[in-house]
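Scroll down for the structure; my scribbles are underneath it.
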Amino acid sequence: MNRVALLSLATACAGAIAVCGAALLLNESHVARLAITRRMTSIITPYRVNEVSADPSSVRTAGSGSDAAIRLEVLFGFRRVRRMQYTQGFLRVLVFSGCPAAIAGWLALHVAGMIALPVAPVLWVVLSRLFYRHCDRRRSAALFRQFPDALGMIVRAVRVGVPLGRSIILISKEAPDPTSAEFRQLAEEMAVGVPLAEALRAMGARNQLAEYRFFATALSLQNQTGGGLAETLETLADTVRKRVAARMRGYALASEARASCYVLGGLPFVVGVLLFFSNPSYMMPLFTTSFGLKLVATAAASLTIGLTLMQQITNRSLA
């Protein structure tokens, strides 16, 4: 490798940065559109479901042209039913995950030759799916932490004589996001005529949280059989609060392992940057020779595997 290789690497990095900037400019209004789309979709979803179920042939006709796009979105981890939950647009995620994948693929091609050609597309898909999984986990964690407070607000409202429907509207206005968004969608579905039990089941299935399914089951049973709603929800809130406290204790106990993971992951980059600026001639062979590029690729692969294993061990211990 010579200066031509360094020039091509710099060109690839500059192109990746330029593409990222263009994607940011193209998607700068995504957050504003997201709020509008969330509200409109939550209102028209019941009618859309009835219309689709009434005419199955229209589903095949309308969906035939977008089957490839849907398969592509599923491949990269994007789920249309959860599109209002994601903080970044699909195009932006494709660009942000494609840039490091392209750089890694370029490095793999120079190290291993044409046999490493699938590295870039595979890494592109993996990075995109990891991002969407991270978004889902972060939102689920926020819903899990906020749920006991939301139940407490419902219990206090019911005790002073506020109807359950008004209590749900109160949560949609007073609770923090994303809990407010979930209860807002629940209130809007009830406002357009969706039965309470059906709306609650849809909310539990949408969140994939056991606590929300418990809430849906408790309200559905109480709506059918009667009884003390405040006492039932208070017991559920106390149970969920204990589960949240146990989860937080687990995170506290695992904080040392997570800190070690972050330190070990960032240390090679910090040391490499310091050595590059303090003694460039010592670091340049890593990027100007084929053996140096192989060392860099091997180190990157080993670091990625190690960090992934540490993260998986930590997540399994907290599950």
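Pull out a ≥ b ≥ c, the square roots of the eigenvalues of the alpha-carbon gyration tensor of segment 248-317, then state rounded if a/c is under 1.5, prolate if not and a/b is larger than b/c, and oblate in the remaining case. Verdict is oblate for segment 248-317.
A simple spin-label model places the labels of residue 205 and residue 125 2.8 nm from each other, with each point 7 Å out along Cα-to-Cβ. Segment 90-140 and segment 255-280 have Cα centres lying 22 Å from one another. Sorting 214-220, 132-138 by their mean Cβ neighbour count within 10 Å, with the most densely packed peptide first, gives 214-220, 132-138. Remark: relative contact order (segment 154-241) = 24 percent; criterion is Cα-Cα distance under 8 angstrom and separation of 6 or more residues. Volume per residue of the convex hull around the Cα atoms, evaluated for segment 141-244, comes out as 86 Å³.
Quote the relative contact order of segment 248-317 in percent (integer), defining contacts as alpha-carbon pairs under 8 Å separated by 6+ residues. Please report the intermediate quantities before stating the final value.
Working: 21 pairs, mean separation 25.9, N = 70.
Worked out over segment 248-317, it gives 37 percent.
Since every read-out is calculated from the coordinates, none of them should be taken as a lab result. All values derive from a computational prediction rather than experimental measurement. Reconstructed Cβ throughout: ideal geometry from the backbone, glycine too, with neighbour counts over all protein chains shown.
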